[in-house]
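Participant: Take a look at this one; I'll ask things after.
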Amino acid sequence: MIKLDTLKITTPSDRELSWTREFNASRKLVFDAMTKPELIRRWLLGPEGWTMPVCEVDLRVGGKYRYVWSHLENGEMGIGGVFKEILKPEKIVNTEKFEQSWYPGEAIGTVVLAENNGKTTAHTTMLYESKEARDGVLKSNMESGLTASYNRLAEVLEEIK
């Protein structure tokens, strides 16, 4: 049985959000699940009812990614960015910009993966262009969508181990 966790989101600065989640899988497997389109499509879906018809990843520094989610009632939502740093299998830094601008500007996301005794802790920090952008994200349902996605990721990791 997989323990379903909620995330605790913190605000390390007036422009940042940060969260941590532990997974019962190797760092390499978690890195693969976060970077391979065939795995991303299985877990990065947010709340129930969303699908990901577009999942493109050019995993190299300077490479781009683009995800488009679709929902029967809520339409489509797209996001994309550029990979700034990749240290396989421990770190990913990328830009993030939504096509439907629900927060102003672009953000920079940093994911650091640390493995200990076969479990991997994923620590993510998002740096927004402004406090207003960060606060807008905090007021959204981002936490519940992220929790649902990470719970799905834990299930996918159990299946592919």
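The values are calculated or read from the model by the stated rules, or taken from the named source; none is laboratory data. Because the structure is a prediction, the values reported are computed rather than measured. Every residue, glycine as well, gets a Cβ built from its backbone with ideal geometry; the counts of neighbours run over all protein chains shown.
Participant: What is the one condition in (1) over 22 Å from K84 (Cβ atoms); (2) of a type outside the set (D, E); (3) touching a residue at least 60 places away in the same chain (Cβ under 8 Å) that W50 does not satisfy?
Facilitator: Among (1) over 22 Å from K84 (Cβ atoms); (2) of a type outside the set (D, E); (3) touching a residue at least 60 places away in the same chain (Cβ under 8 Å), the lone unmet condition for W50 is (3).
Participant: Say whether the condition of being basic (K, R) and either out of contact with any Leu (no Cβ under 7 Å at 6 or more places or on another chain) or outside any helix (DSSP H, G or I) (or both) is met by at least one residue in the range 140-157.
Facilitator: no
Participant: Is there a residue being among the hydrophobic types (A, V, I, L, M, F, W, C), in contact with an Asp or Glu (Cβ under 7 Å, 6 or more places away or on another chain) and under 20 Å from E48 (Cα atoms) anywhere in the range 89-106?
Facilitator: No, there is no match, as no residue in the range 89-106 is among the hydrophobic types (A, V, I, L, M, F, W, C), in contact with an Asp or Glu (Cβ under 7 Å, 6 or more places away or on another chain) and under 20 Å from E48 (Cα atoms).
Participant: Ok, one more. Please go through the range 130-154 and give me each residue that is touching a Gly at 6+ places or on another chain (Cβ under 7 Å) and either aromatic (F, W, Y) or exposed (fewer than 15 other Cβ atoms within 10 Å of the Cβ) (or both), ordered by number.
Facilitator: S130, the sole residue that qualifies.
Participant: Since K119 meets every condition but one in (1) surrounded by 15 or more Cβ atoms within 10 Å (Cβ to Cβ); (2) touching a strand residue (DSSP E or B) at 6+ places or on another chain (Cβ under 7 Å), which condition does it not meet?
Facilitator: (1)
Participant: Restricting attention to the range 116-138, does a residue exist that is among the hydroxyl-bearing types (S, T, Y), modelled with pLDDT of 90 or more and under 19 Å from E38 (Cβ atoms)? Please lay out each step first, then the result.
Facilitator: Narrowing the range 116-138 to residues among the hydroxyl-bearing types (S, T, Y): 120-121, 124-125, 128, 130.
Still in the list and also modelled with pLDDT of 90 or more: 120-121, 124-125, 128, 130.
Within this subset, residues satisfying the condition of being under 19 Å from E38 (Cβ atoms) are none.
No, the range 116-138 contains no residue that is among the hydroxyl-bearing types (S, T, Y), modelled with pLDDT of 90 or more and under 19 Å from E38 (Cβ atoms).
Participant: Could you check, for the range 115-131, whether at least one of its residues is free of Cβ contacts under 8 Å to residues at least 60 places away in the same chain and of a type outside the set (S, T, N, Q)?
Facilitator: The answer is no, given that none of the residues of the range 115-131 is free of Cβ contacts under 8 Å to residues at least 60 places away in the same chain and of a type outside the set (S, T, N, Q).
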